[in-house]
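Written out below as structure tokens is the structure these notes cover.
Every read-out reported here was derived from the displayed coordinates using simple, explicitly stated rules and does not represent laboratory data. These numbers come from a predicted model, not from an experiment. Reconstructed Cβ throughout: ideal geometry from the backbone, glycine too, with neighbour counts over all protein chains shown.
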Amino acid sequence: MQHADTATSGTHSLDAPDTQVQVPPSTHQISIAFTGSGSEYFRIWIVNLLLMLVTLGIYFPWAKARRLRYFMGNTLVGGQPLGFHGDPKKMFKGYALVGILFILYSVAGEFSNIAGLVALVLVAGLWPALFKSSMQFRLANTSWRGLRFRFTGDLPGAYRAMLPLFLPGLVLVGGLTLVSDEAAPPAWFGFLALGVMFTTLAIAPWLMWNLKQYQHNHYSLGHLQTTFRATVGSFYLLTLKVIGIWLLAVVLPVGILFGVASGLEGLEGLRNQTGIWMIAAALLPALLLMLAVLVCIKPYAIARLQNLVWTKTGNTELRFVSQLRVRSLLWVSLKNWVLVVITLGLYWPFAAVALARVRLEAVSIKSRANPDLLVAQVQPREGDAAGDAAGDFFGLDVGL
């Protein structure tokens, strides 16, 4: 979560299971609370929405800055609010740069598939630099108790973190350069594309772990810098659990229907009225079961990922502990979606506040040192606002 990013924590010597963290008696606990209200944020949200409509989206960086100021200003770490100091004008320049890159990619794709893929690779080649700049910009413009946060990751580290993202794309582009007729590619290219797709899915947990390791190894406040202790295996295990839940949503309903159908007496039983009613009676609970499991997948994945990432982040003096419950997140998510639909979208700001509260307040910080002993740190370089723009433009939230 982007607001929780801005507090650094964790320690090797305080290791314990994620669900039951044993902390020495001398340890200080720093709570995280969210004091925002839906009615307050609704006024900010509706003004932002209207101004973006009037300006055809140009106001978006200013709207985002207002939103971040509100959410961070209402995020209390140890009773003290966070602050956001980003300059919307710098953010606007960043969005303009990302927009130009997207236009260049779109134009290249109009000439040929090869030109489009080459342009995509070139734009993707800039992405690690934008990602690093995004983290640098966001952290440098976030403060707590007068201290500015820092992101200390370097550019080579950003490229290493995103290596799993580039490898399949480079193979596909290389294969396409060997195709003489783009309109009728040979059969081997289809198998190559299919292999690249499955390879991308297989290395997705590795990519996620790489990105989180790069982020959470380089958060800094004052003299403290975090480290990340989660293993790539833990990310694959979480992915397998999520896939297992998804398969459960598909296999169980199909199994129910198959069991009912096999219990009927062949095709004649399926054609008579009794068979039809039995199928219909089994279909409804099967579909409801499928829907219930599918609804649970996203809250389960979000809660388990947050707990894994933040409980494994820290240093010798501070450590995060995240105990977000799937049940709590599921209830908030269901309530939010129902009310957003009923109100035709007007409940959205209330939903955002409710979601921020349940995720933020599930996190606490265990500290060996009294927070009052932290000393001021030299203000870091802000970095390039273009990176922050890229994060939103491509839908990649780099805040968790």
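Please list 3J(HN,Hα) in residue order for region 358-363, calculated via the Karplus relation 6.51 cos²θ - 1.76 cosθ + 1.60 where θ = phi - 60°; whole Hz, with x for glycine and proline.
Working through the residues one at a time gives 5, 7, 5, 6, 7, 10 Hz.
Expressed in nm to one decimal, what extension gain is obtained for the pair residue 292 and residue 29 from 0.36 nm per residue of sequence separation less their Cα-Cα distance?
The span from residue 292 to residue 29 would gain 91.0 nm if fully extended.
How would you rank 239, 199, going from fewest to most other Cβ atoms within 10 Å of each one's own Cβ?
Arranged by neighbour count, lowest to highest, 239, 199 become 199, 239.
Please give the contour-minus-distance gain from residue 155 to residue 204: 0.36 nm per residue of separation, less the Cα-Cα distance, rounded to one decimal in nm.
Result for the pair: 15.5 nm of gain on full extension.
Rank the residues 44, 100 as a footprinting-exposure proxy: fewest other Cβ atoms within 10 Å of their Cβ go first.
Ascending number of Cβ neighbours within 10 Å: 100, 44.
Among 135, 91, 52, 290, what is the fewest-to-most ranking by other Cβ atoms within 10 Å?
Sorted ascending by nearby Cβ count, the order is 52, 290, 91, 135.
Summing +1 for each Lys or Arg and -1 for each Asp or Glu, what net charge is found among the other residues whose Cβ lies under 13 Å from the Cβ of residue 245?
It works out to a net charge of +3.
Which pairs break 18 Å Cα to Cα here: 64/93; 89/212; 132/298?
Beyond 18 Å between Cα atoms: 89/212; 132/298.
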